[in-house]
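A.B. asks: Handing you a structure now.
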Amino acid sequence: MNFVESEERIALRKAVGDLARGYGHEYYVKVARSGGHTSDLWNEAGRLGYLGVSVPEEYGGGGAGIGDLAAVCEEFCAAGTPMLLMVVSPAICATVIARYGTEEQKRSWLPRFATGEVRMSFAITEPDAGSNSHRLTTTAKRDGADWILNGRKVFISGVDEADAVLVVGRTEDAKTGKLKPALFIVPTNTPGFEYRQIEMDLVSADKQFGLFLDDVRLPAEALVGSEDAALAQLFAGLNPERIMGASFSIGIARYALDKGVAYAKERSVWGAPIGTHQGIAHPLAQVKIELELAKLMTQKAAALYDSGDDFGAGEAANMAKYAGAEVAIKAVDQAIQTHGGNGMASEYGLGTLLAAVRVGRIAPVSREMVLNFVAQHSLGLPKSY
Ligand SMILES: Cc1cc2nc3c(=O)[nH]c(=O)nc-3n(C[C@H](O)[C@H](O)[C@H](O)COP(=O)(O)OP(=O)(O)OC[C@H]3O[C@@H](n4cnc5c(N)ncnc54)[C@H](O)[C@@H]3O)c2cc1C
């Protein structure tokens, strides 16, 4: 067991942090508030190979694991430039295609994931099937060699920036008529595929969309992997999503804690820095402890996933996502409290993160569904729903 990161990963973190700090939170907020995207930062990160660290080497990537990709995501967030699409495009979509795609799909998509040239959204959530993915109603029917997709999705991130969306639909079993999950690559310019932005109270450069799929005709090659093993394939993507969700939250928590601590050292209202008062110092110390614990669990989840233990990674990834979300909410709240009135002033760049960290408790899997998982699978308690 090794609790020290490799020299390569430490160097990767530093290089990514240097790049992201060159842009900084002010850049991010300006872009987000104007309805724009962080394309400059994304493209530069892509050219430098940071978005493709976990794409296999034979397809032009870095050949590393999800642990390195999570470190990249964390550093972007810690610099105040959280790119939500990282949680989806290189983590879920590239991973699923690398593990289960056909050779043709791999050759077509992976080199472009490696350079960040391609962006892919991921769509599972539906209006009537959020936490309960057994109720998905987006269906794929065969028409000759083609597939015809019909359905609706909600809260799908980054569709306006994406070349394609990896859609979780269901196919009908020819023998039993039962619906089975299946994954399809749907280019965003396919006829019958439409999307509409959902107004969110969130300062984010990556927006959310409702999707409408009306008789979307796709070639046979749009299906990723096997029609019969989609659940395993789905989990291959959802564990990285949770690990990346955790590192996203942890990065923002680091950003907020750094700001809170710096302010506590320099601000003085009673003749000594406010960090002298335990009412300010202790909550920051608690955040530091919980941050390190969340990070350890994230690294454990990534190590298990990278070793091929999907089942073990599932428990750790859920716990990491939970811990990351909770500490990020606490970190931003405490950094704002430490800043007093300045905590809500735009100049200090903290209020912009209030809603962003709150998302971590809801998505990609809610706090309650993580607790259900742990109660049932880790503790062996009866299923409640
Ligand atoms: C900013 C943002 C970005 C997102 N991006 C994407 C994306 O790119 N792709 C995508 O597919 N989805 C995305 N989502 C959707 C997200 O994954 C869902 O919102 C989330 O899974 C919860 O589903 P829901 O909103 O339908 O809530 P519901 O399932 O309706 O749940 C509502 C509440 O009830 C609780 N609850 C439900 N069932 C139970 C139970 N059995 N026991 C206890 N409590 C329960 C939930 O925990 C929650 O608190 C995004 C959401 C947000 C906010």
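A.B. asks: Sort 314-325, 212-223 by packing, meaning the average of other beta carbons within 10 Å per residue, with the highest value first.
C.D. replies: Top to bottom by mean Cβ count within 10 Å: 314-325, 212-223.
A.B. asks: If you don't mind, there's one more thing I want to ask. Can you compute the FRET efficiency between SER307 and SER226 using 1/(1 + (r/R0)^6), with r the Cβ-Cβ distance and R0 = 22 Å? Round to the nearest 0.05.
C.D. replies: 0.40
A.B. asks: If you count the DSSP beta bridges with both ends in the stretch 122-224, what percent of them are antiparallel, to the nearest 5?
C.D. replies: Just about 90 percent of them are antiparallel.
A.B. asks: Roughly what angle does helix 66-78 make with the longest principal axis of the chain, taking Cα atoms, 0 to 90 degrees, to the nearest 10?
C.D. replies: Helix 66-78 sits roughly 50 degrees off the main axis of the chain.
A.B. asks: Out of residues 5 or more away from THR171 or on other chains, whose amide H comes under 5 Å of its own, with H placed 1.01 Å from N in the peptide plane?
C.D. replies: HN-HN under 5 Å from THR171: ALA140, LYS180, ALA182.
A.B. asks: How far, in nm, would the chain grow between ARG33 and LEU202 when pulled straight, counting 0.36 nm per residue and subtracting the alpha carbon separation?
C.D. replies: 59.9 nm
A.B. asks: Taking the stretch 273-344, how much of its Cα-Cα pair set, in percent, is spaced more than 17 angstrom apart?
C.D. replies: Of all Cα-Cα pairs in the stretch 273-344, 52 percent lie more than 17 Å apart.
A.B. asks: Excluding THR138 itself, what net charge comes from residues whose Cβ is under 13 Å from its Cβ, given Lys and Arg +1 and Asp and Glu -1?
C.D. replies: That works out to +1.
A.B. asks: Residues of the stretch 357-373 with amide nitrogen under 16 Å from the 7 Å Cα-to-Cβ point of SER384?
C.D. replies: 366-373
A.B. asks: Under 14 Å from the Cβ of ALA11, count the other residues' Cβ atoms, weight Lys and Arg +1, Asp and Glu -1, and hand me the total. Walk me through the numbers before you get to the answer.
C.D. replies: Working: positive: ARG9, ARG13, LYS14; negative: GLU5, GLU7, GLU8, ASP18, ASP68, GLU75.
With Lys, Arg at +1 and Asp, Glu at -1, the neighbours total -3.
A.B. asks: Moving to a separate point now. In the stretch 169-206, which trypsin sites (Lys or Arg not before Pro) fall in coil by DSSP and have 11 or fewer other Cβ atoms within 10 Å?
C.D. replies: LYS175, LYS178
A.B. asks: I've got another one for you. Sorting check: for 179-188, 49-58, which peptide has the highest mean count of neighbouring beta carbons within 10 Å, and how do the rest follow?
C.D. replies: Highest to lowest by the protection proxy: 49-58, 179-188.
A.B. asks: Local charge sum around PRO219 (other residues, Cβ-Cβ under 13 Å, Lys/Arg +1, Asp/Glu -1)? Show your work: numbers first, answer last.
C.D. replies: Working: positive: ARG142, ARG217; negative: GLU104, ASP143, ASP146, GLU221.
My count for the surroundings of PRO219 gives -2.
A.B. asks: Of the peptides 140-151, 249-260, how do they stack up when ordered by the mean number of other Cβ atoms within 10 Å, highest first?
C.D. replies: 249-260, 140-151
A.B. asks: What percent do you get for the relative contact order of the stretch 230-378 when only Cα pairs under 8 Å and 6+ apart count?
C.D. replies: 31 percent
A.B. asks: Where in the stretch 78-139 are there GluC sites (Glu not before Pro) that are in a DSSP coil and have at most 15 other Cβ atoms within 10 angstrom of their Cβ?
C.D. replies: Working: sites: GLU103, GLU104, GLU117; in loops: GLU117.
Of the GluC sites (Glu not before Pro), the ones in loops of the stretch 78-139 whose Cβ has at most 15 other Cβ atoms within 10 Å are GLU117.
A.B. asks: If you don't mind, another one. What is the ratio of the Cα radius of gyration of the chain to 2.2 N^0.38 Å, where N is its residue count, to two decimals?
C.D. replies: Working: Rg = 21.0 Å, N = 385, 2.2 N^0.38 = 21.1 Å.
Output field value: 1.00.
A.B. asks: Just subtract the alpha-carbon distance of ALA375 and MET344 from 0.36 nm times their residue separation and send over the number in nm, one decimal.
C.D. replies: Numbers: separation 31, 0.36 × 31 = 11.16 nm, distance 3.78 nm.
Contour length minus the Cα-Cα distance gives 7.4 nm.
A.B. asks: Normalising by the residue count of the chain, find the relative contact order in percent from Cα pairs under 8 Å and 6+ residues apart. Intermediate results must be reported in sequence, preceding the final value.
C.D. replies: Numbers: 734 pairs, mean separation 59.5, N = 385.
Taking the mean separation of contacting Cα pairs over the length of the chain, I get 15 percent.
A.B. asks: Kindly provide the helix-only [θ] at 222 nm of the chain, computed as the sum of -39,500 (n - 2.57) over DSSP H runs of four or more divided by all residues, to the nearest 500 deg cm²/dmol?
C.D. replies: For the chain, the value works out to -15500 deg cm²/dmol.
A.B. asks: Using the 10 angstrom Cβ neighbour count as an exposure proxy, how do ILE274, ILE243 rank, fewest first?
C.D. replies: Working: ILE274 19, ILE243 32.
Least to most surrounded, the residues fall as ILE274, ILE243.
A.B. asks: Given the Cα-Cα distance of HIS277 and SER131 and 0.36 nm per residue of separation, how much length would full extension add, in nm?
C.D. replies: Length difference between fully extended and current span is 48.3 nm.
A.B. asks: Here is a further query. Could you give the semi-axes, largest first, of the ellipsoid that matches the stretch 146-259, computed as the square roots of 5 times the alpha carbon gyration tensor eigenvalues and rounded to whole Å?
C.D. replies: Numbers: eigenvalues 186, 73, 24 Å².
After scaling each eigenvalue by five and taking roots: 31, 19, 11 Å.
All of the numbers you see were taken from the coordinates with simple rules; none came from a lab. What you see is a predicted model; the values in this text were computed from it and never measured. As a convention, Cβ positions derive from the backbone with ideal geometry for all residues, glycine included, and neighbour counts pool all protein chains shown.
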